[in-house]
Amino acid sequence: MKVKSLSKNASVVSLCICMTLLSLLSFHLEASAHNIIPQPNKVVETGGTYRLERLNFFVQDSSRKACLTEMLRLKLQTPTGLLLREVPKEQANLLFLTDTSLLGDAYTLQVDANGIEVRSSSYGGQFYALQTLLQLLPPQVKSNHKVGDVEWTIPCIKIDDAPRFGWRGVMLDVSRHWFTKDEVMRFIDEAAEYKFNIFHWHLTDDQGWRVQIDSFPLLTEKGSKRAFRVGDWWSYDSQQPGEEATYGGYYTKNDIREVIAYAAKRNVSIMPEVDVPGHSQATLVCYPELACMNAPKYVNVGNKFYGIEENSLCAGSPATYDFLEKVYAEIAELFPFDYVHVGGDECYKGFWEKCPKCQQTMKAEKLSDVNELQSYLIRRVERMLHQHGKKLVGWDEILEGGLADDATVMSWRGTKGGIAAAKAGHPVIMTPNTHCYLDLYQGEPSVEPNTYSMLRISSCYNWSPVPEGIDASLVLGIQGNLWTESVPTFRHAEYMTWPRGWALAEMAWSSNENKDWMDFVRRMECHFTRARQADINYSSHSVYNPILSAWKDGASTRIELKSEIPDVDFYYTFDNTNPDLHSLRYTQLLSVPKNATRLKVRGYRNGKLVGDLVEYEISKLKLQ
Ligand code: ACM
Ligand code: ZN
């Protein structure tokens, strides 16, 4: 992802329209007392509660027993301190039964006076039933150590559930910033609890190569390190002569195997991404013969370089195809998942225009422009992947010079790439930056860490992943993407991912009829408590901050404050003091008083402070 600007005003207007429509819609849906995210298909609360006092479990399908037992131990025994024991069926209060009438990852969960019964035909279904069960228990169950003095009660309930989409993805970019194996596993664990089932691992980019490749050892020896920088991404100084590249890391093949096994226990498949032919500066630093003319000297640190330094593999050099052949063979061998992501995004093709090898290939292959040259390269990569029994996924730029025969398209520049691909009969995964990019601001930018443009949680929730006029069966699903240019730590990765990831989880799992923004907000706030128990650094304040619009009305400046979620009251001052409950409450459009320099706003919910102290400099307000 590079710099992009979404229209903030347009998103505020569409947010209001969506919120009004959704609040009308929610009028028809019954309020529910449970707090499950994503919303299950059918929930019947049958009255009363069941008190969990023992964990006597029975698993009918012995092939699943080991994994389920590990999950029960980690997720139930550890926080409750109750003894986990495998027992014969008749003695069990926690049953996992096989039911072949339930397809795919569908499951039923019944809690009554006798205990808990799960039915499904797959491991996924059983795992998801367990996640739902955990969400019915008190929030302390999210703690990773024994919690005393808690009554582990569960409401008696009958749940029938199944996912809407088979592809419920979340992507982590580990190139721009480095995340350890343990952090990656934690990210997967947190996502799996919300029934995500694909982890898209963005393993290579201009700022670091992160996966061991035996045929090209320099990729990790040299390409996994860059000079250390803090501050604002894209404004850094490049690595200087004599400066050491100290920041980074990589995963060995054994590390990767460990993460794959860890994910599989959580019903998560891992799709690797090796991003070519663009986003390859780290590669060119290690293997200069893969560049068109002048390979860059240093792995990019987050300094500007597009169009100045090369970062695309030469599409006319035999060395490039040898490289691709060997790298994807090792990737295909390492990752068991059917799909391999080859990138294809934001490839700078300016050097291809000047490169004799690229020009020669274009002539020989009768390619009319550099977009077709990229498609030529991607088609060759697809053939390589097919030889290893893998399917190719690429970002929507792979459409530009003609789509490879069996490619699956990840639509990120809005949904138009996805629509075009589906119309051409290709499977698509919807991950538009307008609804799915977790690296963007989630609220008032002045109190958020610096990043690109705006993506509020209401925009993650309120959109249609299956556009009109296409074959809906070609939409495999949706995915949230966390690019990490401005995400230097794992704590911040959590902050950017949650709660927006919960909204995307519901988009991916729940049927359209079961979606209800107002009810989601209620459940989201319950999950804040759960995330706190688990020491997850979710964003606790962004949704409570004001959404400001300002415009000129004759000589005066008018200001409107809106809240993303209901029942937040804003108190404000223009006199530079910090507002509290004794200040003026926002009830109607404001007119900026003469000579005022600053508007300060704070949100309260039922008299309790929520969100941040937000300060707006009047002279810097963007007027509509
Ligand atoms: C992308 O954000 N460049 C796929
Ligand atoms: Zn070239």
task = Check off (1) within 23 Å of residue 168 (Cβ to Cβ); (2) surrounded by fewer than 19 Cβ atoms within 10 Å (Cβ to Cβ); (3) not aliphatic (A, V, I, L, M) for residue 275 and give me the number that stays unchecked.
result = (2)
key: Count - residues of the range 396-422 that are closer than 21 Å to residue 367 by Cα, surrounded by fewer than 24 Cβ atoms within 10 Å (Cβ to Cβ) and within 10 Å of ligand 1 (Cβ to nearest atom)   = 1
key: Flag if residue 256 is away from ligand 1 (no atom under 16 Å from the Cβ), outside any helix (DSSP H, G or I) and closer than 21 Å to residue 180 by Cβ   = no
inquiry  = Looking at the range 394-410, I want the residues that are over 17 Å from residue 202 (Cα atoms) and within 16 Å of ligand 2 (Cβ to nearest atom) and have a partner that is of a type in the set (A, V, I, L, M, F, W, C) and part of a loop (DSSP other than H, G, I, E, B) with Cβ atoms under 8 Å, at least 6 apart or on another chain. Which pairs are those?
reply    = 401/367
task = Mind listing whichever residues of the range 374-397 are assigned to a loop (DSSP other than H, G, I, E, B) and touching a helix residue (DSSP H, G or I) at 6+ places or on another chain (Cβ under 6 Å)?
result = 388, 390
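Yes/no per residue for (1) within 29 Å of the chain's Cα centre (by Cα); (2) free of Cβ contacts under 8 Å to residues at least 24 places away in the same chain:
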{"position": "211", "(1), (2)": "yes, no"}
{"position": "215", "(1), (2)": "no, no"}
{"position": "233", "(1), (2)": "yes, no"}
{"position": "242", "(1), (2)": "no, yes"}
{"position": "259", "(1), (2)": "yes, no"}
task = Mind listing whichever residues of the range 374-387 are over 29 Å from the mean Cα position of the chain (by Cα) and either closer than 21 Å to residue 411 by Cα or within 16 Å of ligand 1 (Cβ to nearest atom) (or both)?
result = 376
inquiry  = Take the conditions surrounded by 20 or more Cβ atoms within 10 Å (Cβ to Cβ) and modelled with pLDDT of 95 or more and apply them to residue 163. Does it pass?
reply    = yes
ask   = Restricting the range 539-595 to residues that are of a type in the set (Val, Ile, Thr) and in a strand (DSSP E or B), which is nearest to residue 525 (Cα to Cα)?
value = 547
query = Would the range 464-472 turn up any residue that is more than 21 Å from residue 500 (Cα to Cα) and either of a type in the set (Gly, Ala, Ser) or within 16 Å of ligand 1 (Cβ to nearest atom) (or both)?
reply = yes
request  = From (1) within 18 Å of the chain's Cα centre (by Cα); (2) part of a loop (DSSP other than H, G, I, E, B); (3) more than 18 Å from residue 183 (Cα to Cα), pick out the condition that doesn't hold for residue 469.
outcome  = (1)
query = Among the residues of the range 339-373, which ones are in a helix (DSSP H, G or I), among the basic types (Lys, Arg) and either within 16 Å of ligand 1 (Cβ to nearest atom) or free of Cβ contacts under 8 Å to residues at least 24 places away in the same chain (or both)?
reply = 363
Where residue 453 falls short, out of the listed (1) within 30 Å of residue 611 (Cβ to Cβ); (2) within 13 Å of ligand 1 (Cβ to nearest atom); (3) touching a His at 6+ places or on another chain (Cβ under 9 Å) = (3)
inquiry  = Among the residues that make up the range 111-121, is at least one of them in contact with a helix residue (DSSP H, G or I) (Cβ under 7 Å, 6 or more places away or on another chain), of a type in the set (Asp, Glu) and surrounded by fewer than 21 Cβ atoms within 10 Å (Cβ to Cβ)?
reply    = no
key: Filter result for residue 314 (touching a Lys or Arg at 6+ places or on another chain (Cβ under 6 Å) and within 12 Å of ligand 2 (Cβ to nearest atom))   = yes
query = If you check 458, 464, 446, which single one turns out to be within 30 Å of residue 228 (Cα to Cα), at pLDDT 95 or above and polar (S, T, N, Q)?
reply = 446
inquiry  = Checking the condition away from ligand 1 (no atom under 16 Å from the Cβ) and within 25 Å of the chain's Cα centre (by Cα), which residue from 332, 319 passes?
reply    = 332
ask   = Among 538, 572, 586, which is the only one that is in contact with a Pro (Cβ under 9 Å, 6 or more places away or on another chain), within 30 Å of residue 142 (Cβ to Cβ), surrounded by 14 or more Cβ atoms within 10 Å (Cβ to Cβ) and aromatic (Phe, Trp, Tyr)?
value = 538
note = Per the filter on the range 286-309, residues at pLDDT below 95 and away from ligand 2 (no atom under 16 Å from the Cβ) are 306
ask   = Is at least one residue of the range 429-437 in contact (Cβ under 8 Å) with a residue 24 or more places away in the chain, more than 16 Å from ligand 1 (Cβ to nearest atom) and farther than 29 Å from residue 260 by Cβ?
value = no
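The values are calculated or read from the model by the stated rules, or taken from the named source; none is laboratory data. Here the structure is a predicted model, which is why all the values come from computation and not from measurement. All Cβ positions, even for glycine, are placed from backbone atoms using ideal geometry, and neighbour counts span all protein chains on display.
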